[in-house]
Each structure stands twice: as structure tokens, then as C-alpha cells.
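Trainee: First the structure, then my questions, so here it is.
The values are calculated or read from the model by the stated rules, or taken from the named source; none is laboratory data. None of the values given here were measured: they were computed from a predicted structure. Methodologically, a virtual Cβ is constructed for each residue, glycine included, from the backbone with ideal geometry; neighbour enumeration extends over all protein chains shown. Quick note on the areas: whole protein, heavy atoms, side chains included, nothing else; ligands and nucleic acids left out. Shrake-Rupley method; radii C 1.70, N 1.55, O 1.52, S 1.80 Å.
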Amino acid sequence: AQTVTQSQPEMSVQEAETVTLSCTYDTSENNYYLFWYKQPPSRQMILVIRQEAYKQQNATENRFSVNFQKAAKSFSLKISDSQLGDTAMYFCAFVGGDSNTGKLIFGQGTTLQVKP
Amino acid sequence: DTAVSQTPKYLVTQMGNDKSIKCEQNLGHDTMYWYKQDSKKFLKIMFSYNNKELIINETVPNRFSPKSPDKAHLNLHINSLELGDSAVYFCASSQIGELFFGEGSRLTVL
């Protein structure tokens, strides 16, 4: 069975500093997608960044970047120059590319607090 | 325009009642979902429909009945509500893996 694990329930970072959120997953598939979603207090689920497993290059989106280690099945999110608006719960998610169901499997989430 | 919209956003009701949550997407996606987020914030898929056909049913009690009149709509009807049904329910749609979520509907059963 495919699983996603986020081992850090809570993290905090000072404004303007860098923080890394961890995520590991387990799958036997070779083709899949990984995502980080952000859920602020407004509860809206917002896509932060996406990585295709066949791409070796790590995805980046402005201050957000990932460290994708396919062999280790690790997918960490780095937030640079943290801002107060980054305070939210962050979910790592996996979907198998070979599956036509598009079923996303989520990790347990990491609550990130950015302190002024 | 909201890509995935669900109504109502908040719903408070008594145990034993029947309620529905509606969802519509204007993205032209083929696949729609219902996810449940419990009090611990854990997100779990409930149902998935592809072009109006049910493709995922994750051992959800049969008090929950999704209905998809067309591929742009996926409604969730819940019969005989129980206290444990209190949660936030998210509708979502996708084309190739990436999910687009609605704003969530917080259901509180008293």
C-alpha cells in the first residue's frame, strides 16, 4: 500500500529564516507525482509545489523548493525567507501516475508557525 | 470565478437529520472527489467519480451517497447524521494528478 509520512507534527521558524519540512513516502510505482499543499487558517487547500517523479530536477516556486530524493523516497519542502503569511498546515501528498483514479494520499500534516 | 465551489460552507444540524453538500467545478475536469478532514486535520478520500461514474469508494458508510448528475457536479448526501460525521468535507477535481480543492464545508452535528 502507498503511504505518506510527515514526521514533524509542528515546527516554528523566525520570520526571514529558512525552514525545511520533511516527507517520506512508500510506493512500488516508478511513475508518480508528489505535491505540497498549504492549508492556512482559512482552511482553503492551496497547492504550493508539484514534482513529477520522472524529472530529476527539483521543482522550485519562488521561495519554495523541494529536495526530491527518489531512491530514498524522500520529498522535503524548503521555505526560504519565511513570511508571516506562510503560517499554515502543510500536507505532503502522493498520487500514482499509473493509476487513472487520481487518488491523492496525504501525509498527516505539519503545522508551521512563522514568528515575527 | 471560483474553480471548485461547494455549498454550504457551514452546516450545523441535529443527529438523525439528512443533509446535502453540493459541489461544482468549472475547470472541465473529468474527475471529482470528496475528501473528509477530521478533527485531527487528517485528509482522507471518500469517493471519486470519473465522467459521472463512481471509481473510488473508500469503505464509507452507506449513509453517505454521492451523486454526479454530470461531470461538472458531484453532490454528497448524508442520511441519519451521527456525531462522528462532524468534519470538514472538501470537494476537489483533477485532470492529471493535481487536485483543485473547494473551500470546504464544515459540518457540525449536535
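Trainee: Looking only at the range A:32-50, decide whether some residue is among the polar types (S, T, N, Q) and farther than 30 Å from B:TYR10 by Cβ.
Mentor: Checking the range A:32-50: not a single residue is among the polar types (S, T, N, Q) and farther than 30 Å from B:TYR10 by Cβ.
Trainee: Name the residues in the range A:36-62 that are under 16 Å from A:VAL4 (Cβ atoms) and either open to solvent by 40 Å² or more (accessible area, probe 1.4 Å) or not in a strand (DSSP E or B) (or both), would you?
Mentor: A:MET45, A:LEU47, A:ARG50, A:ALA53
Trainee: I've got another one for you. Scan the range A:44-69 for residues that are over 17 Å from B:GLU98 (Cα atoms) and modelled with pLDDT under 95 and report the count.
Mentor: Going through the range A:44-69 one residue at a time, the tally reaches 2.
Trainee: If we keep just the residues of the range A:90-112 that are part of a loop (DSSP other than H, G, I, E, B) and modelled with pLDDT under 95, which is most open to solvent (accessible area, probe 1.4 Å)?
Mentor: Applying the filter and picking the extreme gives A:ASN100.
Trainee: Can you tell me which of (1) of a type outside the set (Lys, Arg); (2) in contact (Cβ under 8 Å) with a residue 24 or more places away in the chain; (3) assigned to a loop (DSSP other than H, G, I, E, B) is the one B:ILE96 doesn't meet?
Mentor: For B:ILE96, the exception is condition (2).
Trainee: Restricting attention to the range B:50-73, report how many residues are at the interface with chain A (Cβ under 10 Å from one of its Cβ atoms) and either touching an Asp or Glu at 6+ places or on another chain (Cβ under 8 Å) or not acidic (Asp, Glu) (or both).
Mentor: 3
Trainee: Right, something else. Restricting the range B:32-69 to residues that are modelled with pLDDT under 90 and among the β-branched types (Val, Ile, Thr), which is surrounded by the fewest Cβ atoms within 10 Å (Cβ to Cβ)?
Mentor: B:THR59
Trainee: If you don't mind, there's one more thing I want to ask. Out of all the residues in the range B:88-107, is one or more away from every other protein chain (no Cβ under 14 Å) and either surrounded by fewer than 17 Cβ atoms within 10 Å (Cβ to Cβ) or of a type in the set (Ser, Thr, Tyr) (or both)?
Mentor: No - not one qualifying residue is present in the range B:88-107.
Trainee: Residue by residue through the range A:69-80, note down the ones that are open to solvent by 20 Å² or more (accessible area, probe 1.4 Å) and either in contact (Cβ under 8 Å) with a residue 60 or more places away in the chain or within 17 Å of A:GLY97 (Cβ to Cβ) (or both).
Mentor: A:LYS70, A:LYS73, A:LYS78, A:SER80
Trainee: Out of the range B:8-31, which residues are touching a residue at least 60 places away in the same chain (Cβ under 8 Å), surrounded by 14 or more Cβ atoms within 10 Å (Cβ to Cβ) and under 15 Å from the mean Cα position of the chain (by Cα)?
Mentor: B:LYS9, B:LEU11, B:LYS19, B:ILE21, B:CYS23, B:GLN25, B:THR31
Trainee: With the condition kept exactly as written, say whether any residue in the range A:25-35 is within 18 Å of A:SER76 (Cβ to Cβ), within 16 Å of the chain's Cα centre (by Cα), open to solvent by 40 Å² or more (accessible area, probe 1.4 Å) and among the hydroxyl-bearing types (Ser, Thr, Tyr).
Mentor: For the range A:25-35, residues within 18 Å of A:SER76 (Cβ to Cβ), within 16 Å of the chain's Cα centre (by Cα), open to solvent by 40 Å² or more (accessible area, probe 1.4 Å) and among the hydroxyl-bearing types (Ser, Thr, Tyr): absent.
Residues checked against (1) touching a strand residue (DSSP E or B) at 6+ places or on another chain (Cβ under 8 Å); (2) among the aromatic types (Phe, Trp, Tyr):
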site: A:SER65; (1), (2): yes, no
site: A:LYS70; (1), (2): no, no
site: A:LYS73; (1), (2): yes, no
site: A:GLY96; (1), (2): yes, no
site: A:PHE106; (1), (2): yes, yes
site: A:THR110; (1), (2): yes, no
site: A:VAL114; (1), (2): yes, no
